[in-house]
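Asks: Okay, here's the structure, questions in a sec.
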Number of protein chains: 2
Amino acid sequence: MDFTSLSNSHRSIRQYKDTPISEELLNEILHAATRASSSGNIQPYSIIISRDKAEREKLWELHYQQDMILQAPVLLTFCVDWHRMIKWCKISDARPTWDNFLCYMVGAGDVFIAAQNAALAAENAGLGICYMGTTLNNAQKLSDFFECPRNVVPVTSMVIGYPDEDPDARDRLPMNAIIHHEKYHDYDDEQIIEHYKQKEEDGWNRYMSIPELKEKIDKSGVKNLAQVYTDVKYTKDENRMASRSLINLLDKQQFGNN
Amino acid sequence: MDFTSLSNSHRSIRQYKDTPISEELLNEILHAATRASSSGNIQPYSIIISRDKAEREKLWELHYQQDMILQAPVLLTFCVDWHRMIKWCKISDARPTWDNFLCYMVGAGDVFIAAQNAALAAENAGLGICYMGTTLNNAQKLSDFFECPRNVVPVTSMVIGYPDEDPDARDRLPMNAIIHHEKYHDYDDEQIIEHYKQKEEDGWNRYMSIPELKEKIDKSGVKNLAQVYTDVKYTKDENRMASRSLINLLDKQQFGNN
C-alpha cells in the first residue's frame, strides 16, 4: 500500500480472529522493524515473540486481562537491550559503561522507532495492531516473566492479528494544537477550548459506548472527558506506583548509575 | 511508494541541499505524525518547526555543531507535552496528577512513534532525514532555547531535507540476534561473536572512512569497533553527565513526583 494511505488509515484493533500469522509474514514485519533508524547503529533492543497459548494466558494476567492478548496469535514485546552489546564489548576487550539513564532512554527511543516500523509493516499486510501501554505499568513483572537479564527492560508490546472489527479512524487534535514555530508558544484558555472542542465530544461519546468504561464512569460520577482522564483512566496513585516500580526496575537492571 | 520498499530503503542522510520544503509537503509529513498510535489518544507531544536560519545557527551549537542542521531547511523538535492536556483539564474542572516519571515515558513513546511516521512520510516524498540523538544529551539547554513551559521536555529531533548524498543502507545485526521466542534466551560467547562478525568489519571500515572519526580513533589508540563505542563515542563521563542533566530537567519540568 502507498505510505500516505497506510498512515492515514491507521486505527488500533482490539478484536481479533484467531487466524495464525505465517512465519514468513512475521519475519517480514520484524525485518522492517530492524531497518528503522538506530542511534549509533547500536540496535540496543530485543524483540520477544509470544505465540504459545499457555504463555499468552499468563501475559493476559500481566497486561491487566486485556482479551486481545488471548485472541491475537502474536504478542511482540520490545525491550531495551544493552546486555548483548555489553557482552560483545567485553569479549572485544572494551569496557562499556552504559549503566545509566541516558542509555535507557536511547534504547527506549530505538524501541519505539522499530516498533512503529513493525506496526506499519503489519498493517500494510492487512493485519491489525494495538500497542499495550500496560508494558510500562507492569515492566517489573514482565521483566521477571521473560527472564530478562541485567541491562534488559521491557518497554512496549504490540498484539498483531487479523482484525475482527472495522472501527473508524479515531479523532485527533487539530494540527495547529500540536505544531509550534521556532519557539514553544503557550496557549490561552480560548485556544485550549477551541483545540479540545471536537475531542471532548468524540471522546466522551466513545467512552460511553464501551460498556465497561461506561459502568466505571457512571460509578465515579465524573461529568466530562477531562475528568475521565484524571479520575478514571490515569489516576495519581496508579501513576505514582507505576513510576516508582519502573524506577526501581531501572535500578535493578543497571540503568541507575548516573 | 510501497511500504516494504520504503522501509527497506531507509538510510540516514547527513548531507543536504538547501532546496526549501513546501508548506504543503511539511504539513503532510506532520499530519502523518499525528495519525500514529497514541496512548489513550492523549497525544501528549508537541512538534516545534525550526526553519529560520538564525535560529538554526543557534541550534547547530546546541546540537554539537552538526552541519546538517545548517544545510537542511527544516529541523523538527519533538517534545513530550503534558502542559496542553493539563491546561484543558484545569479548564474542565478536572484535577490532573501527571507530574511523574510514568507520564514522561508514556509521552516519550508517543513522541518516537509519531516521529517515525514523520520520517517515513518524508522519505516517501523523496526527502532524507536524520534523527538527532543529541536532543537527549542536551535536553536542558534545548528546553530553555525553545522556552518550554513546565510539563514539556524535548526528546528527539529530526533534520529533513533533499539529500545531497546517496549512501547505501547500513549494516544491521542478523535477525536471530534480535529475536527471542517466548523467553529471553541469553547468548553464549560464540553466538555473540557470530552475531557481531559482520558489524565489526563494516562498522570499523565505515568509521575509518569518516575523516573526523578516523582522527579521533587514531588519537585514542583504540583497536576495534567495540572500543570505538566504549572509548570514543559513548564514554562514561559524557553519558553520566547527560543522564544527570536529563534527570534534573525532568524534576524541573515536573515529572519528578513519584
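Please treat every number below as a calculation from the coordinates, not as lab data. All figures in this text were calculated on a predicted structure; none of them were measured in a lab. Neighbour counts are summed over all protein chains in view; Cβ atoms, including those assigned to glycine, are modelled from backbone coordinates with ideal geometry.
Asks: Segment A:59-101 to segment A:106-172: how many Å between their Cα centroids?
Replies: Comparing the Cα centres of segment A:59-101 and segment A:106-172, I get a distance of 12 Å.
Asks: All other residues with a Cβ under 10 Å from the Cβ of residue B:180 taken together, and with Lys, Arg as +1 and Asp, Glu as -1, what is their net charge? Before the final figure, lay out each step's value.
Replies: On the way: positive: B:183; negative: A:81, A:147, B:182, B:186.
Neighbour charge sum, excluding residue B:180 itself: -3.
Asks: Run the Debye formula on the Cα coordinates of segment B:3-167, all scatterers equal and no solvent, and tell me log10 I(q)/I(0) at q = 0.16 1/Å.
Replies: -0.92
Asks: Then there is this: Go ahead and set up a Gaussian network model of chain A, Cα springs under 10 Å, then flag whichever of A:120, A:225, A:76 fluctuates most.
Replies: Ranking A:120, A:225, A:76 by mean-square fluctuation puts A:225 first.
Asks: With the label 7 angstrom out along Cα to Cβ, how close does residue A:58 come to the same site in each of the other copies, in nm, nearest first?
Replies: Here the equivalent label points are 5.4 nm apart from this one.
Asks: Which net charge results for the neighbourhood of residue B:191, defined as the other residues with beta-carbon distances under 10 angstrom from its beta-carbon, given Lys and Arg at +1 and Asp and Glu at -1?
Replies: Numbers: positive: A:84, A:87; negative: B:186, B:188, B:189, B:190, B:194.
With Lys, Arg at +1 and Asp, Glu at -1, the net is -3.
Asks: Which of the GluC sites (Glu not before Pro) across segment B:74-172 are loop residues per DSSP, with 11 or fewer other Cβ within 10 Å?
Replies: Numbers: sites: B:123, B:147, B:165; in loops: B:147, B:165.
Within segment B:74-172, the qualifying GluC sites (Glu not before Pro) (loop, at most 11 other Cβ atoms within 10 Å) are B:165.
Asks: Lys/Arg Cβ at +1, Asp/Glu Cβ at -1, dipole of chain B taken about the Cα centre: which of B:180, B:210, B:78 is farthest positive-ward?
Replies: B:78
Asks: Once the principal axes of the Cα atoms of the protein assembly as shown are found, what is the range along each, listed largest first in whole angstroms?
Replies: Over the protein assembly as shown, Cα extents along the principal axes are 67, 57, 44 Å.
Asks: Moving on. Considering every residue in A:116-122, what mean count of other chain Cβ atoms within 10 Å of its Cβ is obtained? Present the calculation step by step, with values, prior to reporting the outcome.
Replies: Values: counts 11, 8, 1, 5, 8, 3, 0.
Neighbouring Cβ atoms belonging to other protein chains average 5 per residue here.
Asks: What are the distances, in nm and sorted shortest first, from the label point of residue A:202 to the label points of the same position in each other copy, with each label point placed 7 Å from Cα along the Cα-to-Cβ direction?
Replies: 4.1
Asks: So how strong a dipole does the protein assembly as shown carry about its Cα centre when Lys and Arg Cβ are +1 and Asp and Glu Cβ are -1, to the nearest 20 debye? Walk me through the numbers on the way to the answer.
Replies: On the way: 58 positive and 76 negative charges, 252 e Å.
My answer is approximately 1200 debye.
Asks: Same structure again: Which one of B:43, B:127, B:160 is farthest out on the positive end of the charge dipole of chain B, using unit charges on Cβ (Lys, Arg +1; Asp, Glu -1) and the Cα centre as origin?
Replies: Going by the Cα projections, it comes out as B:43.
Asks: With the alpha-carbon atoms as the only input, what is the per residue convex hull volume for segment A:97-196 in Å³? Don't skip to the end; give the middle numbers.
Replies: Values: hull volume 19.1 nm³, N = 100.
For segment A:97-196, the hull spanned by Cα atoms encloses 191 Å³ per residue.
Asks: Suppose only helical runs count, i.e. DSSP H with n ≥ 4. What mean residue ellipticity at 222 nm does that imply for chain A under -39500 (n - 2.57) per run, divided by all residues and rounded to the nearest 500 deg cm²/dmol?
Replies: Details: 12 runs with 128 residues, N = 258.
Computed mean residue ellipticity for chain A: -15000 deg cm²/dmol.
Asks: While we're on this one: Quick one: grab the alpha carbon gyration tensor of segment A:175-238, order the square roots of its eigenvalues as a ≥ b ≥ c, and give me rounded if a/c is under 1.5, else prolate or oblate depending on whether a/b is larger than b/c. Let's see the in-between values first.
Replies: Numbers: a/c = 2.85, a/b = 2.04, b/c = 1.39.
Prolate is the answer for segment A:175-238, as a/c is 1.5 or above and a/b outweighs b/c.
Asks: Along Cα-to-Cβ, 7 Å out, sits the label point; list in nm, shortest first, how far the one on residue B:214 is from those in the other copies.
Replies: Reported distances to equivalent positions: 7.0 nm.
Asks: Also, I was wondering about something else. Run the dipole for chain A about the Cα centre, Lys and Arg Cβ at +1, Asp and Glu Cβ at -1, nothing else charged, and hand back the magnitude in debye, nearest 20.
Replies: The dipole of chain A has a size of about 820 debye.
Asks: Amide H to amide H, which residues 5 or more places from residue B:99 or on other chains are under 5 Å from it, using H placed in the peptide plane?
Replies: Answer set, sorted by chain and number: none.
Asks: For a quick check of your reading of the filter: which GluC sites (Glu not before Pro) in segment A:5-42 sit in a DSSP loop and have no more than 14 other Cβ atoms within 10 Å? Before the final figure, lay out the partial values.
Replies: Numbers: sites: A:23, A:24, A:28; in loops: none.
Listed in order of number, the matching sites amount to none.
Asks: Please rank B:229, B:64, fewest neighbouring Cβ atoms within 10 Å first, as an exposure proxy.
Replies: Details: B:229 24, B:64 12.
So the ranking, lowest neighbour count to highest, is B:64, B:229.
Asks: Per-residue HN-Hα couplings for segment B:150-160, Karplus 6.51 cos²θ - 1.76 cosθ + 1.60 at θ = phi - 60°, whole Hz, x for Gly and Pro?
Replies: So the Karplus estimates, Gly and Pro as x, are 3, 6, 10, 9, x, 10, 8, 9, 8, 7, 9 Hz.
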